[in-house]
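One structure below.
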Amino acid sequence: MPLPFQHLLSTKQLQRADTEEILRVASSMENVLTKGGSELLKGKILASLFYEPSTRTRLSFETAMQRLGGNIITAEGIQFSSMYKGETLEDTMRMISQYADIVAMRHPEQGSAEIAARACGVPFINAGDGPGQHPTQALLDLFTIQKECGKIDDLCIAMVGDLRYGRTVHSLSYLLGLYKNIRLILVSPTELTMPEKVTSFLREKSIPFVETKDLAAGLRADVMYVTRVQQERFADRNEYERLKLQYILTGEMVRGRNVLVMHPLPRVGEIAPDVDLLPNAAYFRQAGNGVPIRMALLAMLLGKA
Ligand code: NCD
């Protein structure tokens, strides 16, 4: 089944049938990976444009393209690109569309993905637009939940940390809205609560949620999704320093509990290293799931799945 859109900008575009299909194709991509890859996208070129730092997202997109036999062209850091000379995002996209068959872009400004996609003549994937959305991360998060918990419906999910600026929790909340009997526990300091646009969506979908400052409340969930305080979004450095490590999850808190611990990474102290040794720690497996999910998306958007 082809996806009913050309560009992936936000998880709000997706219906449950779409997420199920993407997860199904991602599972089949895991089989492709065990065979060492395929030539499905031979001759295709991915433009990998990262105007904001990235390790996992970028490397897993590039791995995904190469495992499917495709090629990559890249640009990174606005200071190294012609945007630095004043070129508009739209002009960059008009030009890139003539070089590449598909584009993945990360950019520091919220809404930049939409502007770029409008000028892009080939499929476009938002790899993170400032504090806005990060749809491919949310899809790999969903894939991880399905693999680790055996289901997505009927789960209680705690989101912890910077819910205000963390784009991954925004995108994931919209996706969870497609599933049945989901309950959310939103744990954050008052300054970093979930934006109104997301909480009003949850109310609209009748998803029960509680907002709390208490990390212990989140430990009773099936899944605890921990996030980093997004330093780069703070205008005031002191405000970041004050809020950065309000929550530190330790092995002692998690040991013996049924809670699955996830994190989009990078972590910068909010999960102590002693959690890594526990079976609850899913975050490195989660990062690995980025490859089959992005293989699935590249193949589907290029009409090759
Ligand atoms: C996240 C992002 O870039 O939003 N990282 C990622 O893509 N794995 C989370 C973060 O940077 O905190």
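Helix 56-67 axis versus longest C-alpha principal axis of the chain: approximately 50°, rounded to the nearest ten.
Solvent-accessible surface of the chain, averaged per residue with a 1.4 angstrom probe and all protein chains in place: 43 square angstrom. Among all stretches of the chain without exposed chymotrypsin sites (Phe, Trp or Tyr not before Pro) (DSSP loop, at most 11 other Cβ atoms within 10 Å), which one is longest? Within the chain, the longest run free of exposed chymotrypsin sites (Phe, Trp or Tyr not before Pro) spans 100-305.
Using the structure shown, list the pairs from K180/K205; K12/K197; K44/K85; K180/K304 with a Cα-Cα distance above 20 Å, or answer none. Violating the 20 Å limit, Cα to Cα: K44/K85; K180/K304. Can you tell me the 0 to 90 degree angle between the C-alpha axis of helix 290-301 and the longest principal axis of the chain, rounded to 10? Tilt relative to the chain: about 40 degrees.
What the Cβ-Cβ distance of M1 and R118 gives, at R0 = 22 Å and to the nearest 0.05, is a FRET efficiency of 0.30. For the stretch 49-171, the fraction of 1.4 Å probe accessible surface lying on carbon and sulfur atoms is 45 percent. Segment T190..S27, full-extension length gain: 54.8 nm, with 0.36 nm per residue of separation and the alpha-carbon distance subtracted. Between 0 and 90 degrees, rounded to the nearest ten: what's the tilt of helix 16-34 against the longest Cα principal axis of the chain? Roughly 80 degrees between the two axes.
For G70, neighbours were defined as the other residues whose beta-carbon sits under 12 Å from its Cβ, and their charges (Lys and Arg +1, Asp and Glu -1) total +2. Here r is the Cβ-Cβ distance between A272 and R242 and R0 is 22 Å; the resulting FRET efficiency, rounded to 0.05, is 0.60. Remark: the Cα gyration tensor places the chain in the prolate category, a/c being 1.5 or greater and a/b exceeding b/c.
The values are calculated or read from the model by the stated rules, or taken from the named source; none is laboratory data. It should be emphasised that the depicted structure is a prediction, and the values quoted were computed from it without experimental measurement. Don't worry about glycine lacking a Cβ; one is built from the backbone with ideal geometry, like all the others, and counts go over all protein chains shown. Ligands, DNA and RNA are excluded from the accessible area calculation, which covers all protein heavy atoms including side chains. Shrake-Rupley method; radii C 1.70, N 1.55, O 1.52, S 1.80 Å.
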